[in-house]
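See below for the structure under consideration.
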Amino acid sequence: MSKKRKFTALLLFFFLLGSLMGALYTHRVSARSEGKEGVYEKLKLFTEVMEIVQREYVEEVKPEDLIIGAIQGMLQSLDPHSSYLTPDMFKELQVETKGSFGGLGIEIGIRDGILTVISPIEDTPAWRAGIKAGDKIIKIDGEPTKGLSLMECVKRLRGPKGTKVTITIMREGFTEPKDFTIVRDIIKIKSVKAR
C-alpha cells in the first residue's frame, strides 16, 4: 500500500471515529438536557397546581405548608425510613438520640397513613404494658391520630415522668380497639457504637 493510500485510509478512519464520537456526545448532551427540561416541566406543573390550590381552595393555605407537604410526600415515597424534618422536628430528634426524655418507650412510624408501633423498647412502660410491634395507635388521650404528623404524635406521647397517657390500640386479633393507660417514665437512649 502506498503512503498516500495509508494516509487517506488513516484520515478516513479518524474522520469516522470523530464523527461517531461527536454523534454520541451530541446524543448524551441532548438526552441530558431533555431530562432537565422534563424536570423543569414537572416543576412548572407543581407551581401551577400550587397556584390553583392557593386561589381556588375553600380555605386559605400557606405556600410554605404546601411546599413542606410536597417535600414530605416526595421523601415518604422513597422508603418508610425517609422523611423531611423541619427545624423543630430536628430538635426533637436530637433530644431523642442524645440522652433521655419522658415517654412510653416505643419506636413509632406512619404506615399506610396510620400511626404504628415499630417496636417497643425493652423494659420501658410500653413494653411492660404489652404494647407490640405492629400495633396501630388510633387515639392518644381520646384524640384521633389520623391526619397528625409523626412529630405531632411524638409530642403528644411524651411528657413529664409520672404522668399518664392513654393510647387506643387496634391490633390483629382484636375485635375492637383497646385502651392502654401508661405512666410515662424517663426513657434512656442507648447509643450504639460501630467499630
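The values are calculated or read from the model by the stated rules, or taken from the named source; none is laboratory data. All of these numbers come straight from a predicted model, not from anything done at the bench. Note that we place each Cβ from the backbone using ideal geometry, even for glycine, and neighbour counts take in every protein chain shown.
Counting only residues that are at pLDDT 95 or above, hydroxyl-bearing (S, T, Y) and surrounded by fewer than 13 Cβ atoms within 10 Å (Cβ to Cβ), which one in the range 167-195 is nearest to E107 (Cα to Cα)?
That would be T181.
Hey, V61 hits all of (1) more than 18 Å from the chain's Cα centre (by Cα); (2) in a helix (DSSP H, G or I) but one; which does it fall short on?
Unmet for V61, out of (1) more than 18 Å from the chain's Cα centre (by Cα); (2) in a helix (DSSP H, G or I): (2).
In the range 111-149, which residues are crowded, with 17+ Cβ neighbours inside 10 Å, β-branched (V, I, T) and more than 13 Å from I182 (Cβ to Cβ)?
Result: T116, T145.
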